[in-house]
Structures are given as C-alpha cells and as structure tokens.
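Where a number appears in this text, it was derived from the coordinates with a stated rule and is not lab data. If you're wondering where the values come from, they're calculated on a predicted model, not measured in any experiment. Every residue, glycine among them, receives a Cβ derived from its backbone with ideal geometry; neighbour counts consider all protein chains shown.
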Amino acid sequence: MENFQNIPRNDITKLYGAIRSELNNLSVQDIRNTAAAAGIDVTRILSQSETSGRAGSRAEIMPSVDHLFGELNEESQITALCIMAERLVKNSSSLAEDVQLILGKHGYQYIDEAFVPVGVFDKREESFLPSNSASGIAQAHSRLISGDYSGAITSACGAVDNLMQAIYDAPAKSQRLKKQYISINKAVFS
C-alpha cells in the first residue's frame, strides 16, 4: 500500500480520533483484528478481563490501542489510518457513511485508499463522474501530495480519458461530442 501522504501532525491526531470514534462501533475482537491489520502489535494489549479468560471490553483495550498507535512513526501512523479507514468503510454502508461524515467534519474524506482534503475533491461530485474518473482524481491528488509528480499526471490524464470515454460511449451524445473526444484524446495522448 503506497499511501504515505504529507498529512500535518495535528491532522494525523484528528484523523485518528475520528477513526477511533468509529472503531468503537465494532466488537472487541473486530477492534483487535482491525488494529492488527493496521500494524499495531495487539499482543501488547492486555486487559483485566483476559486474565480470567474473557476478551476484554472496549473501555479496557482502546486506551492500549491509543498508546500503541502513538508509538508508531508518522509514516506508519498514516498507513495504519488508511488500513483502519478501509476496513471500516468496507464493513457496512452505514458505517462507511458515518466514517465519511466524521472525517468531513475534520476537513478530509477517505477516497481510493487515501485521505483527501475536502476542498480538493468533494464526495458529492462523485455522482457526476464515472467511478474510475473519481478515483483517478483522488489518486492523482494523493500522488501529488507524496511528491510523485509523474504518477499524479498519469492518474489525472487517466481520469480525463475515462471521463471522455464515458461521454463517447453514452448513447444519447451527439457526433459533435464524439469528434471532440477524438481530438482531445489525440492532443493529450499523442
């Protein structure tokens, strides 16, 4: 997962708090599994309940998850946040909505394995774009932030090409749009 993004330290803290609030909606075992997938050493999470053979409670394990997340370096924290967000979003559509809502209140969205500032790409615009164009725009932004300029240009061009192809393929579009697509495609990709 190549998702090192240049997210300011205070935003990492805010993003973790937002993701953490939604982790609390999971079962204790799912919290542990999500933390483990994110690279957090869950073998270091011990609770009073575990000594008597039970799984522990959220109130017992979340402070340990917080502490262990805080021990990760910045790049590992961003990777962990992306993995946790991905697992939360894939868990259920209502949880995905809640994750996007809380992230939006902090100025971010989680799109295509990256945290994207709301001002760059508004999730509401996605309904007007083919899904591969929307994810291409998000990927281009993510690559731009991480300093991969060539990758950013490639992703942006791919997003435009996908959009133009969708216009070209739409049955109700006129011949004029098809001709424009061909000329733009030649100009950009020739």
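A simple count of charges around A85, restricted to other residues whose Cβ falls under 9 Å of its Cβ and scoring Lys, Arg +1 and Asp, Glu -1, yields -2. A Förster radius of 35 Å, combined with the Cβ-Cβ distance separating N24 from K186, puts the computed FRET efficiency at roughly 0.10. Listed from fewest to most Cβ neighbours within 10 Å, the set Y168, Y149 follows the order Y149, Y168. Modelled label positions at C157 and E75, each set 7 Å beyond Cα in the direction of Cβ, lie 2.8 nm from each other. Taking label points 7 Å from Cα along the Cα-to-Cβ direction, R58 and T13 give a separation of 2.4 nm. The ellipsoid equivalent to the alpha-carbon distribution of the stretch 1-119 has semi-axes of 25, 16, 12 angstrom, derived from the gyration tensor eigenvalues as √(5λ) and listed largest first.
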